[in-house]
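The structure appears right after this line, and notes come after that.
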Amino acid sequence: MNYAASSEQCLSRILAGLDLSFLSQRDLKLFTNRLNSHFHELFTRYVDVYGHQFDCYYHLSQLVLSLAMGLKNRKADLKRLDRARSHDDKLWHQQENQVGMACYVDLMGPTLTELQAKIPYFKSLGLTYLHLMPLYASPEGDSDGGYAVSDYRKVNPVLGNMKELEALSKALRDAGINLVLDFVFNHTSDEHRWAKAALTGDENYQNYYYLFDDRTIPDQYEQSLREIFPQVRRGSFTWNETMQKWVWTTFNSFQWDLNYSNPAVFNAITEEMLFLANIGCAALRLDALAFIWKQMGTNCENQPNAHKLIQAFNCCLQITAPAVVFKSEAIVHPDEVLKYIRQDECQLSYNPLLMALIWNSLATRKTRLLTSSMQKSFAIEQDCSWVNYVRCHDDIGWTFDDAVAHQLGINPYDHRYFLNQFFTGRFEGSYADGVPFAENPSNGDCRVCGSLASLCGLEGALQANDQQAIDTAMRRIMLVHGVIMSIGGIPLLYSGDEMGLLNDYSYRDDPAKAHDDRWVNRIAVTSAHIDDIETAPAATDSLERKTQKAIFAGIKQLINLRKEHAVFGQARTHILQTANQHCFVYCRVADDGQKLLVLCNFSEHPQTLQSNVLEVFDGEPATDLLTNHRIEKASDIHLAPYQQYWLLS
């Protein structure tokens, strides 16, 4: 098929049949120009997935109408932002001033209005990117932390309302902070209006989900599916008494997977996506994107049509809200993670491999797996950016590449078992206070939860009132933050980590949360935490409070240093091998030739790096940004326990 000719003819016919009189002349011209630029890509992907269906043309026509309506509903200041970012050669997400935080509104606000009042705190810390975890209407009680969405267009009333969210969005933009929201598009809650209609027997909406009269087809699928939450329930299907049908529920029984083989679902969820974009977010995090396409005989993850659909969604944004980018959340094999990171798919991506291997290096005191894995998987398309993090709202899964591990003589199964044992405090000599999550009763596998500080040993050190152990834990905390601040991409803090908050075990007393150990690291950040955090430690401060102030000051220093030097922004990262397996080393090279050499000691013992590591500077002197120590000539580099150097040419 000649797609170019077909798409042009198709668009001409669609526009001839649509009434777009609701658009102003200016918007109609803009809309037409963007369609001419992006419709071919949208048409190609849409027809690839849905072209075999008799009503494909009808659904494509309705999609174009939805895109036009989305543009009509976009506010003037957001349209100006679209124009500005479309003409800016410097991508905002590749600038050195970008530093992010992710938080739950109720744990940081606890309302939208109160969260808005904390903008001065965010600015003081140096944030320019704020990711609000799901804040939409969701079932009372267990809602998978908000990831069971009952209405994309309503805020959870406990947090506020949509007008308050729009006000917060504008206030953040005015403060120079990019808002990031979640786009939960693999599933809805069973209380969403589509699901409620399906429950009444409406066949149109029953086709929005995967429903089966008996176990014949589900059993065929189950042969190749993995279980996500085996500690809660077994399998990926849930029996619904009302409909007398089996429902595909990858995650929880109240989260119904959407049926993307139905083009009506793609169109409907696009309308929800554009609504979220028009709130004023700079990015949408694509939740569970790996699961959106089901294919019999596969594990129903990372399927080719999943990529085509995400690329089609991206085309829709380019037509209606081009200032908005996608952030991939693919906690899958590293090779599969990379496939989502493209200018025409997800321009941003979490870096789960870096996260997991930072923790691996802390546990083993060795960086071989980290170095080899980053050499293989860190490089991405030039117009895309990593979002680098150490902790988040979720658990830690050990998604490293088994092939790389085997090359280093590491048994992947045994090593994952060791990491789980170490970070849950079950390994002799471990300093970590983590909690096992999703333990599989069949094979003993699990994932790890816990706050960054508790996993770094601060919780146990404070309990023991051991100042030396406290200092060591704090050095670990500064080291891991130093890596995400300097390696290239947007560093993303998780709320509370900026001051080293410890595990919160109170979730065990809440029946709606007790089964989900991830709540141990979903910690409320109160005004008591924030007030006077930047003042000098007082005699009346507890040891824990003095530690919080020291961590906050240290992380703020890292942020300030990052913002002062362009090499932390648009530059290329080269992961370097050294003779010392306890050290992680990489070099950033900017377009103007400026270089940043980062040296990290992941051991509690002093380490030495040979002088040849300085050859990247070609004999020129370098200065450590963290200490102002100047190196005039090549010589061996000595690093104290958990020390890092940021050497700038």
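The values are calculated or read from the model by the stated rules, or taken from the named source; none is laboratory data. These numbers come from a predicted model, not from an experiment. Positions of Cβ are generated from backbone atoms using ideal geometry, with glycine treated the same way; all protein chains shown enter the neighbour counts. Ligands, DNA and RNA are stripped out before the accessible areas are found, and what is left, the full protein with its side chains, is counted by its heavy atoms. Shrake-Rupley method; radii C 1.70, N 1.55, O 1.52, S 1.80 Å.
At-a-glance table
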read-out	value
Leading residue by the ranking (nearest to Ser261 (Cα to Cα)) among those in the stretch 1-17 that are touching a helix residue (DSSP H, G or I) at 6+ places or on another chain (Cβ under 7 Å) and open to solvent by 30 Å² or more (accessible area, probe 1.4 Å)	Tyr3
Residue in the stretch 583-635 that is nearest to Ile559 (Cα to Cα), counting only those that are open to solvent by 40 Å² or more (accessible area, probe 1.4 Å) and assigned to a strand (DSSP E or B)	Lys595
Positions within the stretch 39-57 being part of a helix (DSSP H, G or I) and not hydroxyl-bearing (Ser, Thr, Tyr), in sequence order	Phe39, His40, Glu41, Leu42, Phe43, Arg45, Val47, Asp48, Val49, Cys56
Count of residues meeting criterion [under 19 Å from Asp516 (Cα atoms), under 22 Å from the mean Cα position of the chain (by Cα) and among the β-branched types (Val, Ile, Thr)] in the stretch 390-428	1
Entirely in the stretch 294-413, the strands (runs of 3 or more DSSP E) that have 1 or more residues that are of a type in the set (D, E, K, R), open to solvent by 20 Å² or more (accessible area, probe 1.4 Å) and without any contact (Cβ under 8 Å) to a residue 12 or more places away in the chain	none
Matching option when the condition is within 28 Å of the chain's Cα centre (by Cα), modelled with pLDDT under 95 and either small (Gly, Ala, Ser) or within 26 Å of Thr128 (Cβ to Cβ) (or both), among Ala524, Ala536, Ala514, Ala550	Ala514
Answer residue from the stretch 91-110, given it is in a helix (DSSP H, G or I) and within 12 Å of Ile177 (Cα to Cα) and is least open to solvent (accessible area, probe 1.4 Å) among those	His93
Per-region count, the stretch 47-78, residues open to solvent by less than 40 Å² (accessible area, probe 1.4 Å) and under 30 Å from Ala171 (Cα atoms)	7
Residue within the stretch 86-100 that is within 21 Å of Met273 (Cα to Cα) and modelled with pLDDT under 95 present	yes
Checking Asp591 against (1) modelled with pLDDT under 95; (2) acidic (Asp, Glu); (3) touching a Ser or Thr at 6+ places or on another chain (Cβ under 9 Å), the condition it does not meet	(3)
Qualifying position, being open to solvent by 50 Å² or more (accessible area, probe 1.4 Å) and closer than 30 Å to Phe122 by Cα, among Asp174, Asp219, Asp213	Asp174
Hey, Leu127 in a loop (DSSP other than H, G, I, E, B) and either of a type in the set (A, V, I, L, M) or open to solvent by less than 10 Å² (accessible area, probe 1.4 Å) (or both) or not	yes
Boolean, Asp82 is part of a helix (DSSP H, G or I) and touching a Lys or Arg at 6+ places or on another chain (Cβ under 7 Å)	no
Among (1) of a type in the set (S, T, N, Q); (2) without any contact (Cβ under 8 Å) to a residue 60 or more places away in the chain; (3) surrounded by fewer than 21 Cβ atoms within 10 Å (Cβ to Cβ), the one test that Ser236 misses	(3)
Cβ-Cβ under 7 Å pairs, at least 6 apart or on other chains, the stretch 90-113 side under 23 Å from Val390 (Cα atoms) and acidic (Asp, Glu), far side in a helix (DSSP H, G or I) and open to solvent by 40 Å² or more (accessible area, probe 1.4 Å)	Glu96/Lys563; Glu96/Ala566
Selection count, the stretch 520-530, where residues are over 29 Å from Ser385 (Cβ atoms) and open to solvent by less than 50 Å² (accessible area, probe 1.4 Å)	3
Candidates Leu60, Leu28, Leu35, Leu42 - the one that is modelled with pLDDT of 95 or more and over 34 Å from the mean Cα position of the chain (by Cα)	Leu28
Wholly enclosed helices (runs of 4 or more DSSP H) of the stretch 430-514 bearing at least 2 residues out of contact with any helix residue (DSSP H, G or I) (no Cβ under 8 Å at 6 or more places or on another chain)	467-486
Top-ranked residue in the stretch 497-519 [being aromatic (Phe, Trp, Tyr) and buried (at least 18 other Cβ atoms within 10 Å of the Cβ); ranked as nearest to Ala473 (Cα to Cα)]	Trp519
Residue, nearest to Leu492 (Cα to Cα), within the stretch 117-127, restricted to residues that are of a type outside the set (Phe, Trp, Tyr) and more than 22 Å from the chain's Cα centre (by Cα)	Ser124
The stretch 26-46, subset aliphatic (A, V, I, L, M) and open to solvent by 30 Å² or more (accessible area, probe 1.4 Å), residue farthest from Ala68 (Cα to Cα)	Leu30
Close pairs from the stretch 612-629: first closer than 12 Å to Ser649 by Cβ, partner acidic (Asp, Glu) and assigned to a helix (DSSP H, G or I), Cβ under 9 Å, at least 6 apart	Leu625/Glu564
Residue selected from the stretch 414-429 under the condition of a type outside the set (S, T, N, Q) and part of a loop (DSSP other than H, G, I, E, B), by the criterion most open to solvent (accessible area, probe 1.4 Å)	Glu428
Residue in the stretch 474-495 that is more than 23 Å from the chain's Cα centre (by Cα) and open to solvent by 20 Å² or more (accessible area, probe 1.4 Å) present	yes
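So that you can scan it fast, the table gives a plain yes or no per residue for (1) part of a loop (DSSP other than H, G, I, E, B); (2) more than 27 Å from Asn388 (Cβ to Cβ); (3) touching a strand residue (DSSP E or B) at 6+ places or on another chain (Cβ under 8 Å); (4) not charged (D, E, K, R):
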{"position": "Arg518", "(1), (2), (3), (4)": "no, no, yes, no"}
{"position": "Asp532", "(1), (2), (3), (4)": "yes, yes, no, no"}
{"position": "Glu544", "(1), (2), (3), (4)": "no, yes, no, no"}
{"position": "Thr547", "(1), (2), (3), (4)": "no, no, no, yes"}
{"position": "Gln557", "(1), (2), (3), (4)": "no, no, no, yes"}
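For (1) surrounded by fewer than 22 Cβ atoms within 10 Å (Cβ to Cβ); (2) part of a loop (DSSP other than H, G, I, E, B); (3) aliphatic (A, V, I, L, M); (4) touching a residue at least 40 places away in the same chain (Cβ under 8 Å), each residue gets a yes or a no:
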| position | (1), (2), (3), (4) |
| --- | --- |
| Pro157 | yes, yes, no, no |
| Glu164 | yes, no, no, yes |
| Leu168 | no, no, yes, yes |
| Val180 | no, no, yes, yes |
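Every residue, every condition in (1) farther than 23 Å from Val325 by Cα; (2) without any contact (Cβ under 8 Å) to a residue 24 or more places away in the chain; (3) assigned to a helix (DSSP H, G or I), yes or no:
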site: Ser21; (1), (2), (3): yes, yes, no
site: Ser37; (1), (2), (3): no, no, yes
site: His59; (1), (2), (3): yes, no, yes
site: Leu67; (1), (2), (3): no, no, yes
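Condition check ((1) hydrophobic (A, V, I, L, M, F, W, C); (2) over 22 Å from the mean Cα position of the chain (by Cα)) across all residues:
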{"site": "Val180", "(1), (2)": "yes, no"}
{"site": "Asn186", "(1), (2)": "no, no"}
{"site": "Asp202", "(1), (2)": "no, yes"}
{"site": "Leu211", "(1), (2)": "yes, yes"}
